[in-house]
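Some notes on the structure that comes next.
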Amino acid sequence: MKTEERHRLIAELLRQRDEVSVEELIAECSSSGATIRRDLEVLAGHGVLRRIHGGAKSLVLRGENPGYGQRELEDQAIKVRIAAGVASLLSDREHVWLDSGTTATEIARQLRQRELTLMPMSLRSVNVLAVDDWQSGHRPALLLPGGSLIPGEFSFRGPLAERTIRSLRFDTAVVTPCALNFKDGLLAHDVDDAAVKRAGLESAARVVVACAGSKWNGNAVALVAALPSIDVLVTDRILTPEELAQLETYSVKVVTV
């Protein structure tokens, strides 16, 4: 089993269980004890788990936001498809507001050679977009919002970031909610994140929501916006005819990837 496959398997096991032993992981991954111990040290360093004697303990608690390192390992192929779907909706020379999170970082990768003006809401996306590659041709012009940086996430938050966003007008806002459902709409895991997302979508002429199927009907505590605020929804979820009809009443276009 390749390293990336082992890391994803370990992360998935620790989403389902409070802790797991090295011996159990040796059996699950068909790997040596030395390899598993190295994997656990790497994953602990990325905030995916907490290392304990003889194994690892989950850091994911019900209703809380998993760390960036954990989320980065999940649904990677789906995020790539969603990112490509979002990129196909953007026209050259647009001014685009880009949310934070692992899906947003993948979207940033898709936009590295596009002629756009982008305001990314995390340093992770900034780093992806600011790579000094003279052979890449076009590259986005970057606007940075300022504000406070959230450790681990490296995302911009706070009143300064919100004021900067609201002082500008964007052609498109790309929002990556922490959860989505038909009752509440778009949700975030904390009020500061919700405030930034709200500022982004309220400052744009068009709102594109990028949301993996795993986030549908998920748990999150802070309201961002109702579904009628969305113009386009990009998702891997296969929606039922009833769900599609309900979204159509809100004039939401659905792009399934």
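Of the listed requirements (1) of a type in the set (S, T, Y); (2) under 14 Å from the mean Cα position of the chain (by Cα); (3) assigned to a loop (DSSP other than H, G, I, E, B), T103 misses just one: (3). For N181, are the conditions met, namely being loosely packed, with under 15 Cβ neighbours inside 10 Å and in contact with a strand residue (DSSP E or B) (Cβ under 9 Å, 6 or more places away or on another chain)? So N181 does not fit the description; no. When region 133-160 is limited to residues that are of a type in the set (D, E, K, R) and at pLDDT below 85, the one that is surrounded by the fewest Cβ atoms within 10 Å (Cβ to Cβ) turns out to be D133. Among the residues making up region 184-206, those that are assigned to a strand (DSSP E or B) and either surrounded by 19 or more Cβ atoms within 10 Å (Cβ to Cβ) or not hydrophobic (A, V, I, L, M, F, W, C) (or both) are G185, L186, L187, A188, A204, R206. Scanning region 96-135 for residues that are farther than 25 Å from E202 by Cα and either among the β-branched types (V, I, T) or not assigned by TED's automatic domain parsing to the domain that holds I165 (or both) returns V128, V131.
Picking from R163, R124, R81, which residue would you name as being surrounded by 15 or more Cβ atoms within 10 Å (Cβ to Cβ), out of contact with any helix residue (DSSP H, G or I) (no Cβ under 8 Å at 6 or more places or on another chain), in a helix (DSSP H, G or I) and on the phi < 0 side of the Ramachandran plot? Being surrounded by 15 or more Cβ atoms within 10 Å (Cβ to Cβ), out of contact with any helix residue (DSSP H, G or I) (no Cβ under 8 Å at 6 or more places or on another chain), in a helix (DSSP H, G or I) and on the phi < 0 side of the Ramachandran plot holds for just one of R163, R124, R81, which is R81. None of A205, A210 is assigned by TED's automatic domain parsing to the domain that holds A87 and under 14 Å from the mean Cα position of the chain (by Cα) except A210.
Restricting the search to strands (runs of 3 or more DSSP E) fully inside region 207-257 and requiring at least 2 residues that are touching a residue at least 60 places away in the same chain (Cβ under 8 Å) gives 232-235. Within region 214-227, the only residue that satisfies the criterion of being small (G, A, S), over 14 Å from T102 (Cα atoms) and surrounded by fewer than 16 Cβ atoms within 10 Å (Cβ to Cβ) is A226.
The values are calculated or read from the model by the stated rules, or taken from the named source; none is laboratory data. What you see is a predicted model, and the numbers here were worked out from it, not measured in a lab. Heads up, the Cβs are rebuilt from the backbone with ideal geometry, glycines too, and the neighbour counts pull from every protein chain shown.
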